[in-house]
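These notes concern the structure reproduced below.
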Amino acid sequence: MRAEFTVNGTRHEIDVEPRRTLADALREDLGLTGTHLGCEHGVCGACTVLVDGGPVRACLMLAVQADGCSVSTVEGLAGDDGTLHPLQEAFCTHHGLQCGFCTPGMLMTAVDLLDREPAPDRERIREELSGNICRCTGYTGIVDAVEAAARELNP
Amino acid sequence: MKPAPFDYVRAGSVDEAVRTLAEAGGEGKVLAGGQSLMPVLALRMARPRVLVDVNRIPGLATITPVDGGVRLGALVRHARLATQQNHPLLAEAARWIGHTAIRTRGTTGGSIAHADPSAELPVVAAALGATVHIAGPGGQRSEVATDFFAGPLETTLAEDELVTAVEFPAAERWGFAEFSRRHGDFGLVLVAAAQVDGRWRLAIGGVGGVPVRPTEAEQLLNDGAGIDAVAAAAAAEVRPQDDIHASGDYRRAMTAEFVRRALAPHGKRAAA
C-alpha cells in the first residue's frame with residue numbers, strides 16, 4: 001500500500017505492507033535509523049517522533065496512517081552544516097546520555113515540551129520525560145540538559 | 001514484535017466503517033488512536049483479519065456543548081480533551097492519561113470502547129452517567145456507560161458496531177484522584193466524584209472488572225455524612241483482587257484514601 005509523507009521537510013513515497021509501523025518505515029524503508037526501537041509496544045519512548053507537530057510513538061502508528069503527514073525525526077534537529085541543536089549540545093555538555101539508545105526519543109520529547117512551554121521547571125521536565133525510559137543516566141543529566149537548553153532557547 | 005498481516009481499510013464514513021466491520025464477520029477491528037490496539041497487535045494477542053481505520057472519517061472529532069455538558073466525537077484526542085474548557089472534570093482526567101505522546105493519538109471513543117477498568121475516561125463516564133452513541137448496520141443506538149461496560153475490556157458493542165460519540169453531563173461540583181506508582185501508569189485506584197443534577201455520584205476504577213459505583217457511599221454522601229464515613233463505605237463496597245501490582249487489601253485501603261482526596265475540596269459542604 002502506498003503512503004506519501006514528508007520527513008524533516010523531504011517528501012517520500014513508500015509502498016509498504018499495512019502492518020509496517022511508522023518506526024519501521026523510517027528505519028527500514030527510508031534508512032533513517034536515528035529513530036530507535038526499544039520495546040515496540042509503546043512503553044519505552046525511544047521511537048518518539050513528531051507527526052504534524054505532535055509527539056507520537058512511531059511504533060504505535062502505521063506507516064500508511066502517516067499518509068499526507070509531516071514527520072520530524074532526530075535527523076532533522078541538527079543544521080545542514082552539522083551544527084547541533086541546542087538540546088543536542090546540552091545533552092553533550094550535561095551528560096544527558098551514555099549509551100545513547102534512548103536519546104532520539106528523549107530529544108524529540110524535549111523538543112515538543114520546549115515548543116509548548118518555554119521555561120518548564122525541573123518537576124515539569126521530569127513529568128514530561130516520564131514516558132521515556134533511560135537505563136544509563138539516572139535521568140539527572142537529562143533533566144539538567146533540558147533545563148539548560150530551555151534557558152539557551154528562551155533566554 | 002511486529003503485528004501479523006492484516007487488510008487495511010481507511011474508512012471514509014461511519015457507514016463504510018460499519019459495512020466493512022460487518023463484512024469482516026467478526027474478524028475486523030477498529031483502529032482509532034491505536035494506543036491500546038497497536039501494542040496488542042505487536043504482541044500478537046490479537047490477529048484481526050481486517051483493520052478499519054476510522055481516523056479520517058469527517059465530523060467525528062468535534063466537541064459540542066450540550067445542556068451544560070459536552071458531547072465528544074469518538075475521535076477527540078486526549079491532548080485536546082486535556083486543554084478544552086467546556087468540561088473541567090474531563091480536562092483533569094485527560095491529563096492523567098498516559099504520557100504526552102499517548103495523548104496526542106489516543107481517542108475518547110477508543111478509550112470508552114476498549115473499556116479498561118483502570119482507564120480514566122471509563123471511570124469518569126460511569127461517575128457522570130455518560131451516554132455512549134453507537135452506529136451499527138441497523139442505525140444508531142445509545143446506551144448509558146454503566147450498561148455499556150460489560151466486564152474487563154468488554155462492552156455491549158457488537159462486532160459490526162462503532163462508537164461515534166460520548167455525551168458527558170455537566171458536573172456542578174467534581175473531584176478526581178488517581179493513585180499510580182509511576183507517572184503515566186494506569187491507576188492502581190482512581191476515583192471520580194461528580195455532582196450531577198444535585199446528586200453526588202462516585203465511580204472507582206482499578207478495583208473491579210468495570211468502574212464500580214459504590215451506591216451506599218453515594219447515599220451517605222447525599223445524606224450529608226462526613227467524608228470519612230463515605231470513604232469507609234466505598235472501601236467496604238469494592239472487592240479488588242490481588243495481582244502483581246498490589247494486593248486486594250491494599251487497593252481497598254487506597255480506595256478509602258482516594259475517595260477522601262477526590263472529595264476533599266468539597267469536604268465542608270458535603271458534610272454539611
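What follows draws every value from the coordinates through simple rules; no lab data is involved. Only a predicted model underlies this, so the values are computations on that prediction, with no experimental measurement involved. Cβ coordinates were reconstructed from backbone atoms using ideal geometry, including for glycine residues, and neighbour counts include every protein chain displayed.
The table that follows gives values for the structure above.
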quantity	calculated
Cα→Cβ-extended label distance, 7 Å offset, between residue B:142 and residue B:7, nm	3.4
Angle in degrees between helix A:103-116 and the longest Cα principal axis of chain A, rounded to the nearest 10	80
Tensor-based shape of chain A (alpha-carbon gyration tensor, a/c under 1.5 rounded, otherwise prolate or oblate)	prolate
About the Cα centre, charge dipole magnitude for the range A:67-155 (Lys/Arg +1, Asp/Glu -1 at Cβ), debye	340
Net dipole in debye of chain B [+1 Lys, Arg Cβ; -1 Asp, Glu Cβ; about Cα centre; nearest 20]	860
Among B:135, B:246, B:234: highest mean-square fluctuation, GNM of chain B, C-alpha pairs under 10 Å	B:246
Inter-label distance, nm, simple model (7 Å from Cα along the C-beta direction), residue B:219/residue A:140	5.5
Choice from B:87, B:99, B:78 with maximal GNM fluctuation in chain B (Cα, 10 Å cutoff)	B:99
Values of log10 I(q)/I(0), in the order q = 0.15 Å⁻¹, for the range B:161-272 under a Debye, Cα-only, solvent-free model	-0.62
The range B:30-186: proportion of alpha-carbon pairs further apart than 24 angstrom, %	28
Charge dipole of chain A about the Cα centre (unit charges at C-beta), most positive-ward option of A:150, A:138, A:36	A:138
Rg to Rh quotient for the range B:62-132, alpha carbon positions, Kirkwood Rh	0.91
Most fluctuating residue given options B:169, B:39, B:152, as computed from a GNM of chain B linking Cα atoms under 10 Å	B:39
Globularity index of the protein assembly as shown, i.e. its alpha-carbon radius of gyration over 2.2 N^0.38 Å	1.01
Cα-centre dipole for the range B:42-140 with unit charges at Cβ (Lys and Arg positive, Asp and Glu negative), debye to 20	440
Over the range A:88-155: Kirkwood hydrodynamic radius from C-alpha pairwise inverse distances, Å	11.5
The range A:17-68: C-alpha gyration tensor shape, a/c 1.5 cut-off, then a/b vs b/c	rounded
Two-decimal log10 I(q)/I(0) for chain B, as the Debye equation yields it once each C-alpha is a single scatterer, q = 0.11, 0.12, 0.14, 0.16 Å⁻¹	-0.60, -0.71, -0.94, -1.19
Exposure rule at most 12 other beta-carbon atoms within 10 Å, DSSP loop trypsin sites (Lys or Arg not before Pro): chain B longest free segment	B:45-180
Dipole-positive endmost among B:68, B:50, B:26 within the range B:1-125 (Cβ charges, Cα centre)	B:50
